[in-house]
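S.K.: Questions regarding the structure given below will be posed in turn.
What follows is calculated from the coordinates using simple rules that are stated; it is not laboratory data. Owing to the predicted nature of the structure, the values given are computational and were not obtained by experimental measurement. Cβ coordinates were reconstructed from backbone atoms using ideal geometry, including for glycine residues, and neighbour counts include every protein chain displayed.
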Amino acid sequence: MKIHAMRTASLLLAAGLGLAATASWSSESLQDVMKRRNLSQQDLLAASKTYVPTGKRDEFVAFSSGGQSGQVIVYGVPSMRILKYIGVFTPEPWQGYGYDEESKKVLAGGKIDGKDITWGDTHHPAISETQGKYDGQYLFINDKANPRLAVIDLRDFETKQIVVNPIFKSEHGGAFVTANTEYIIEAAQYAAPLENKKFYPLEEFNEKYRGGVTYWKFDRKEGRINEKESFSLELPPYSQDLSDAGKGPSDGWSFTNSFCSERYVGGIEKGRPPYEAGCSAKDTDYLHVINWKKAAQLVAAGKARKINGHNVLMMETAIKEGILFLIPEPKSPHGVDVTPDGKMLVVAGKLDTHVSVYSFDKIMAAIKAGKFESKDPYGIPVIAMKDALHTQVALGLGPLHTQYDSKPCVAYTSLYVDSQVAKWNYCEGKVLDKISVHYNIGHLMTMEGDSVDPKGRYLVALNKLSIDRFNPVGPLHPQNHQLIDISNDKMQLLYDMPIPLGEPHYVVAISADKLKPGVRYKVGTNSRTDKPHPGMVRAGEEVTTRKGNKVEVKGTLIRSHITPETIEAEVGDEITINLTNLERAQDETHGFTVSTYNVHASVEPGKTVQLKFKADKEGVYPYYCTEFCSALHLEMQGYLLVKPKGWKATKTTLAKGTYTEAEYKATVKKVVDTQAIIDSVVAYITSVNYKDFPDVVAMVDDAFDQLGKTKGLKEKHEAFAAKQDWENANLWAEQIWQYQVKTADLGLRAKTYLEQNGAKKVK
Ligand code: CUK
Ligand code: CUA
């Protein structure tokens, strides 16, 4: 500890006196590097299109599903640098997600039948929209395995809510938002009885098993899903697949695919042909066309049935009220993607080489005219494919998903079997370009490419297999997100990015300037509810109370100490620790853990968190800050003392340190010297236009905050010195120096920033 502090001091001195080495460019030329690293002109061009120099930022921020990890991965485009993992359905230790009480409550929202489910098969992220445009406020993502949906607030990139689908047993076609995020659409996948804990044999599949679509009502003011005002539509057991919401002229409608309208039930173990044969036998499946606006009105008018306490509009009602229609779609379709103008929908059939472009106008005309070719076995009117089609285009093998360009009529479709991306014109129905990807692409994504206002520029191919692309890491390979430049006529492959965290089915990207995340919370905030935390205290109000066997701490964190530094308990006590981070400075997060009690918190500036556990083992348990927050981070520590029942102290004083007057004087001199460094840094900073740099202004504020804490300490150490109490005199003087170190650290960081960013002298 001492050595570490001293090294810091000498570093500060060196930097303060301008002795730090300055960067020098290597003498190697670009040609030398190309030769040495065996790079082509094409490689260099690609690199220059993706490289984001140090200190610069990406143009777009992507939110990728974390697949089986149950998390969300945030990365920048075009650099493909990972910025964050967001814990969603799975505990995430860094963020304390699942280890503090606030986040445990969020995860508990995802319990099913009282059971914790600590993983998720996350598939489709969706950014909230206003008039069909990404607004950067919220992110939603679904869990296919355990039908759930999560809400993430993009002010702090934290998961705020998890809801469990009340009637499905699995779901896939979520999350898709309506044009003003009135609802978040979530379609079932594998049909099952809608009533919970109800058994029906597979022999009753057609009668008792059902699919459906849930419309989760989003309350934007609260930033939460309103479960009571959400509803579902009962659908046939056709294995509903992906969905999309209408926009512009098609706003108010939604579209959901299906892949097993055969209603086949497998049984390979009994010698029956497997599902894969039975579910792909017929030439067509059904696209479901639903008037959700009218459905919501019908639910409000009391036309829904309660199943598991949830409003379900039954098929019978939907048919009678004319809000549910089917259209045949080619063999085993997968994605349905509404065009930016809302006039067409592109459906890709996995086992067909064509994509089918349906015209919303034609669909509406057929409905208006009552022109149906048949009814399905449940009585749902079926619109003839030819009456709804705008065109069909042969793109290649295994078309899956489609995204759009900023250029009119230009779309990109993933070709799973061909391992290609096809660029094509959906108005004229012609292929424009193709590019190979590595390998077996699932989804693809263009910048804001499923909104009314796609931004073009880049495309990301989400490849299922990476095979030979990366350094081998064992039989389980990462997936490969390939960045493709789409700003020119020909697509250009730029970059391979391994995704090491589950299978990210889908990703969405938003212009970075639309995101406005905060850097701190209002002091004492419970970040998971956005409400004031009852456990918060301000500096000087820290308190530990005991009621019966309950010990509750209300403490604080600030560089570089935890208040309190000792917590005393008896075996069997229930311990509750509330901690408030009093920092205002950007990025001054403190972490907190207690040895062996499986608790952890990430306490960002202003946040209050609560940790709870039972002190069930007698002993001594260090607690400490887990983020390297300052030069004296390691000293940010304390002890939880768990005493045996009825334990009596025999020794009542702490051991004294041995300090001499000489040591005290040396410490005082160190304080004076360090102050001189601080003064010289301050003199430099105030001699330039530092006020033009908001980041520097924040650092300077923080620096003076730290220095301000030395108030009264000089009087204190001098008073102890007068009494010749060299330990207390020395340590209070030392404490001044601790604050000075933090001040100098910030000051030097500000100075470096100013020097590197061309600060100018002011008079
Ligand atoms: S799905 Cu994975 S490739 Cu779950 Cu959207 Cu299509
Ligand atoms: Cu606070 Cu380390």
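S.K.: Under the rule of -39500 (n - 2.57) per DSSP H run of 4 or more residues, summed and divided by the residues of the chain, what mean residue ellipticity at 222 nm is obtained, to the nearest 500 deg cm²/dmol?
M.R.: Helices in the chain give a 222 nm mean residue ellipticity of -6500 deg cm²/dmol.
S.K.: Where both residues lie in the chain, what percent of DSSP beta bridges are antiparallel, nearest 5? List each step's numbers first, then the result.
M.R.: Numbers: 151 of 170 bridges.
Around 90 percent antiparallel, to the nearest 5.
S.K.: Viscosity 1.306 mPa s, temperature 10 °C: Stokes-Einstein D of segment 262-302 from its Kirkwood Cα radius, in µm² per second?
M.R.: Estimated via Stokes-Einstein, D reaches 120 µm²/s.
S.K.: For segment 431-571, what size does the Cα cloud have along each of its three principal axes, sorted from largest down, in whole Å?
M.R.: 74, 41, 27 Å, listed from the longest principal axis down.
S.K.: List the pair-distance distribution P(r) of segment 57-173, using every Cα-Cα distance, as the percent of pairs falling in each 5 Å bin from 0 up to the bin containing the longest distance, rounded to whole percents.
M.R.: 2, 12, 22, 24, 19, 12, 6, 2, 0
S.K.: Using Cα centres only, tell me the gap between segment 538-564 and segment 343-390 in whole Å.
M.R.: 65
S.K.: Run the numbers for Asn226 and Ala301: contour at 0.36 nm per residue of separation, minus the present Cα-Cα distance, in nm.
M.R.: 25.2 nm
S.K.: Just the number: Rg to Rh for segment 399-495, Cα atoms, Kirkwood Rh, two decimals. Before the final figure, lay out each step's value.
M.R.: Numbers: Rg = 13.4 Å, Rh = 13.5 Å.
For segment 399-495, the value is 1.00.
S.K.: Another question, if that's okay. Per 5 Å bin, what is the whole-percent P(r) computed from every C-alpha pair distance within segment 657-756?
M.R.: Per 5 Å bin, starting at 0, the Cα pair percentages come out as 3, 14, 22, 18, 14, 11, 8, 6, 3, 1.
S.K.: Over segment 483-545, what relative contact order in percent results from Cα pairs under 8 Å that are six or more residues apart?
M.R.: Result for segment 483-545 is 14 percent.
S.K.: Compute the relative contact order of segment 657-756 as a whole-number percentage, counting only Cα pairs closer than 8 Å that sit 6 or more residues apart in sequence.
M.R.: Answer for segment 657-756 is 45 percent.
S.K.: Principal axis extents for the chain, Cα atoms only, whole Å, descending order, please.
M.R.: 101, 73, 50
S.K.: Kirkwood hydrodynamic radius, computed over distinct alpha-carbon pairs, for segment 525-643: how many Å, to one decimal?
M.R.: 14.2
S.K.: While we're looking at this one, here's another question. Among the aspartates and glutamates, which have Cα under 15 Å from the Cα of Lys350 when same-chain residues fewer than 8 positions away are ignored?
M.R.: Output for Lys350: Asp241, Glu276, Asp283, Asp285, Glu329, Asp337, Asp418.
S.K.: Mind checking the dipole of the chain: about its Cα centre, +1 per Lys or Arg Cβ, -1 per Asp or Glu Cβ, Debye to the nearest 20?
M.R.: 1020
S.K.: Roughly speaking, what is the centre-to-centre gap between segment 302-332 and segment 635-671 when only Cα atoms are used, to the nearest Å?
M.R.: First find each Cα centre; the distance between them is then 71 Å.
S.K.: Take peptides 223-233, 456-466 and line them up by average Cβ neighbours within 10 Å, highest first, as a rough protection proxy.
M.R.: 456-466, 223-233
S.K.: Segment 471-540: which trypsin sites (Lys or Arg not before Pro) are DSSP loop and have at most 16 other beta-carbon atoms within 10 angstrom? Mind dumping the intermediate values first?
M.R.: Values: sites: Lys490, Lys514, Arg520, Lys522, Arg528, Arg538; in loops: Lys490, Arg520, Lys522, Arg528, Arg538.
For trypsin sites (Lys or Arg not before Pro) across segment 471-540 that sit outside H, G, I, E and B with at most 16 neighbouring Cβ atoms in 10 Å, the list reads Lys490, Lys522, Arg538.
S.K.: Take the cross-link list Lys84/Lys407; Lys371/Lys407; Lys84/Lys105; Lys670/Lys691; Lys111/Lys516; Lys550/Lys656 and give me the ones stretching past 26 Å between alpha-carbons.
M.R.: The answer is Lys84/Lys407; Lys371/Lys407; Lys670/Lys691; Lys111/Lys516; Lys550/Lys656.
S.K.: Report the relative contact order of the chain, percent, no decimals, based on alpha-carbon pairs under 8 angstrom and at least 6 residues apart.
M.R.: Once divided by the residue count of the chain, the mean separation gives 9 percent.
S.K.: Could you let me know the centre-to-centre spacing of segment 89-112 and segment 695-721, using Cα atoms, in angstrom?
M.R.: 38
S.K.: Cysteines of the chain lacking any other cysteine beta carbon under 4.7 Å?
M.R.: If one checks each Cβ against the other cysteines of the chain, Cys625, Cys629 turn up with nothing under 4.7 Å.
S.K.: Rank by packing, highest mean first: peptides 400-407, 285-292, with packing defined as the count of other Cβ atoms within 10 Å averaged across residues.
M.R.: With the highest mean Cβ count within 10 Å placed first, the list reads 285-292, 400-407.
S.K.: Now for a different question. Only sites in a loop by DSSP and with at most 14 other Cβ atoms within 10 Å count here; which chymotrypsin sites (Phe, Trp or Tyr not before Pro) in segment 122-216 make the cut?
M.R.: Details: sites: Tyr134, Tyr138, Phe140, Phe157, Phe168, Phe176, Tyr183, Tyr190, Phe199, Phe205, Tyr209, Tyr215, Trp216; in loops: Phe157, Phe168, Tyr190, Phe199, Tyr209.
Passing both the DSSP loop test and the Cβ count: Phe199.
S.K.: Quick one: Tyr624, Tyr416, fewest Cβ neighbours within 10 Å first, how do they rank?
M.R.: Tyr624, Tyr416
S.K.: Run the numbers for Ala365 and Ala649: contour at 0.36 nm per residue of separation, minus the present Cα-Cα distance, in nm.
M.R.: Details: separation 284, 0.36 × 284 = 102.24 nm, distance 8.78 nm.
Extra length available between Ala365 and Ala649 comes to 93.5 nm.
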